[in-house]
1. Identify the residue in region B:1-18 that is without any contact (Cβ under 8 Å) to a residue 24 or more places away in the chain and surrounded by 14 or more Cβ atoms within 10 Å (Cβ to Cβ) and, among all such residues, is farthest from A:Ala80 (Cα to Cα).
2. Within region A:271-278, does at least one residue satisfy the condition of being out of contact with any helix residue (DSSP H, G or I) (no Cβ under 9 Å at 6 or more places or on another chain) and modelled with pLDDT of 90 or more?
3. Checking B:Ala259 against (1) farther than 20 Å from B:Ser190 by Cβ; (2) touching a residue at least 12 places away in the same chain (Cβ under 8 Å), only one condition comes out false. Which one?
4. Going through B:Ser54, B:Ser33, B:Ser70 one at a time, which residue ends up being touching a residue at least 24 places away in the same chain (Cβ under 8 Å) and either crowded, with 18+ Cβ neighbours inside 10 Å or small (Gly, Ala, Ser) (or both)?
5. What pairs come out if I take residues in region B:38-51 that are within 14 Å of B:Val9 (Cβ to Cβ) and touching a residue at least 40 places away in the same chain (Cβ under 8 Å) and pair them with residues that are outside any loop (DSSP other than H, G, I, E, B) and within 13 Å of DNA strand C (Cβ to nearest atom) whose C-beta lies under 9 Å away, six or more apart or interchain?
6. Can you list residue pairs whose Cβ atoms sit under 8 Å apart, with the first residue in region A:269-281 being facing chain B (nearest Cβ under 8 Å) and of a type in the set (Ser, Thr, Tyr) and the second being open to solvent by less than 30 Å² (accessible area, probe 1.4 Å) and part of a loop (DSSP other than H, G, I, E, B)? Count only pairs 6 or more apart in sequence or on different chains.
7. Considering B:Val93, B:Val82, B:Val55, which residue is within 16 Å of DNA strand C (Cβ to nearest atom) and touching a Phe, Trp or Tyr at 6+ places or on another chain (Cβ under 7 Å)?
8. I'd like to check something: does region B:16-25 contain any residue that is more than 11 Å from DNA strand C (Cβ to nearest atom) and either polar (S, T, N, Q) or touching a Cys at 6+ places or on another chain (Cβ under 9 Å) (or both)?
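The values are calculated or read from the model by the stated rules, or taken from the named source; none is laboratory data. Predicted model only: the values in this text are computed from it and were never measured. Neighbour counts are summed over all protein chains in view; Cβ atoms, including those assigned to glycine, are modelled from backbone coordinates with ideal geometry. Surface accessibility is based on the protein's heavy atoms, side chains included, excluding ligands, DNA and RNA. Shrake-Rupley method; radii C 1.70, N 1.55, O 1.52, S 1.80 Å.
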Protein chains: 2
Amino acid sequence: MEFHQLRYVCAIAETGSFSRAAERCQVAQPSLSQQVLKLEDDLGAKLFDRLGRSVRLTEAGRAFVPHARSILNQMEAARATVADKSADVRGSVAVGVIPTIAPFLMPRYTAGFAKRYPEANLRIVEEMTPVLVESLRNLSIDIAVLALPLRHKDLELIPLHTEPLFAVLPKDHPRAGAKSLSLKELRGESFVMLRDGHCFRDLSIAACTHAHVTPRIAFESGQFSSLIGMVAAGVGISLLPEMAIDRNPGCRYIRVSDARATRTVVAAVLRGRSFNRIQQAFLAGIQK
Amino acid sequence: MEFHQLRYVCAIAETGSFSRAAERCQVAQPSLSQQVLKLEDDLGAKLFDRLGRSVRLTEAGRAFVPHARSILNQMEAARATVADKSADVRGSVAVGVIPTIAPFLMPRYTAGFAKRYPEANLRIVEEMTPVLVESLRNLSIDIAVLALPLRHKDLELIPLHTEPLFAVLPKDHPRAGAKSLSLKELRGESFVMLRDGHCFRDLSIAACTHAHVTPRIAFESGQFSSLIGMVAAGVGISLLPEMAIDRNPGCRYIRVSDARATRTVVAAVLRGRSFNRIQQAFLAGIQK
DNA sequence: TCCGGAGTATAGTTATCACCTATGGAATTC
DNA sequence: GAATTCCATAGGTGATAACTATACTCCGGA
């Protein structure tokens, strides 16, 4: 059974003639005859009674034609559905962001996007890196905005932004007036840091370790603003990515000069997967 | 779009691999690859993300596959429906009979049939010839049991039975003891006859006319039994087909010897049309 | 009863295309 | 880094749907 055979049969049923059906289907009449014979042979039953003057559906034909029409309709529906999916500006995109980036970058990313694609359905998920990586893998999110380092061969990483780290010191700290400083100058200080699981905590510790500094941790929190408050209160010092600086009057922010003391923000997507128009638009938006 | 392409896509969606799908579909893997690429090109969208290890449906693919499955199912349904129609012993047959045959032949025809095909749906219509011919043409009946002559080129006639005519005389009629008689011996008699429209009336009159007898009609009725009653009461004489003889004690039945004084019963069907198994069985049943 | 017209089937040819085998190339595993 | 596992590409072949030309069948009119 082939689609063109169904088209032929429907055309014959509608026009009541092989010749007119052939004309409508833009084929020669013998081609159409042959294909109908072939289909009848395939089905093991005649679909039409060929009379001299006209043609009539047999009982089997009357039973078959509605199916044929329905199949052809469904074929068109399938085609239309696919066309929809790839052209639709009302598509969905789900984006995951880690907590140490979300409040600083996402507002900027989403504002322009929502204006440009008002019919799009944008969903944002804020979770820590391992959760987001898993979400990428099981397709519950399409794009994740994360910080390096990331070692997952199944992810494709698109660098978005590299920023220096800053030391946060209480305003009366001896180094509070410096233009910049190196991590090793902070040896022996108490630190306030993000809780375990936040990748920025790992990044900070790694930077210190590289400078041969072992940070003593006096306080932990889940958000930068708490850390900054603690620094202002004299509990310890901290490290921040540039974007998290909030100019608390009790603190001074000093750029860390170590070459490795940077954070790189990337967009991560599952390697090899494809994206709908909306997802592509979001990805393009965050890269510029 | 082709059926085999849909089969391939479904197989890939189920097995998660082009190679395994090719195996299941009994084709070489490159053939399957080509057909999928062709379909994707046709649809204007990728259906699968080809990763190194495995294969995943794209958004478009997820939308497409259910349609594909449904189309394939419907194709099977169409095939099954047709197979059903041609093999079904629960089919329908509608038979038309004229009133001058119905009571005598139909019981015999239908008894064996109903026993042999208890699941069949047999419908019997009793009407005069022109109505039945029209019913054959508009397919509201499948088979008609009629009497000759019939001049309709669109009908195919199958002779079933040829019977002599009998004269019905009151038992005290001068010819009541004869073994046979010719129509011209009835010249001058009063006749009782079927009403206009019954073909047996036409046949009787035609037979008389051929014998140069012009029947004078003293009484008309719609059924043979009334005619026979009238003959017994001495109103006139009549003509009957053999099958209508009922041995009324007030009558004598004398065979008419004229060569043309016969009735031929035929099965009539629309020329060129096809029949389901049940219809064929009925036709076969009435011919033996 | 024969002819012409309308309609479908058959014959023979051509071109397309689905299939095959062999091979290339990318990703992953050991 | 070699082996393995996939999918894609290349080139050749056979099946088949298309075409043109023609035969056959039915039907209405002369």
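1. Residues of region B:1-18 that are without any contact (Cβ under 8 Å) to a residue 24 or more places away in the chain, as a first pass: B:11, B:14-15.
After this cut, where a residue has to be surrounded by 14 or more Cβ atoms within 10 Å (Cβ to Cβ) as well, the list is B:11, B:15.
Numbers: B:Ala11: 22, B:Thr15: 26 Å.
Here the answer is B:Thr15.
2. So far as region A:271-278 goes, no, none of its residues is out of contact with any helix residue (DSSP H, G or I) (no Cβ under 9 Å at 6 or more places or on another chain) and modelled with pLDDT of 90 or more.
3. Here B:Ala259 clears every test but (2).
4. Working: B:Ser33 fails: touching a residue at least 24 places away in the same chain (Cβ under 8 Å); B:Ser70 fails: touching a residue at least 24 places away in the same chain (Cβ under 8 Å).
Result: B:Ser54 is the single residue among B:Ser54, B:Ser33, B:Ser70 that is touching a residue at least 24 places away in the same chain (Cβ under 8 Å) and either crowded, with 18+ Cβ neighbours inside 10 Å or small (Gly, Ala, Ser) (or both).
5. Listed by first residue and then by second, the contacts come to B:Asp42/B:Gln5.
6. A:Ser274/B:Thr58
7. On the way: B:Val93 fails: within 16 Å of DNA strand C (Cβ to nearest atom); B:Val82 fails: within 16 Å of DNA strand C (Cβ to nearest atom).
One residue alone meets the criteria, B:Val55.
8. Looking through region B:16-25, at least one residue is more than 11 Å from DNA strand C (Cβ to nearest atom) and either polar (S, T, N, Q) or touching a Cys at 6+ places or on another chain (Cβ under 9 Å) (or both).
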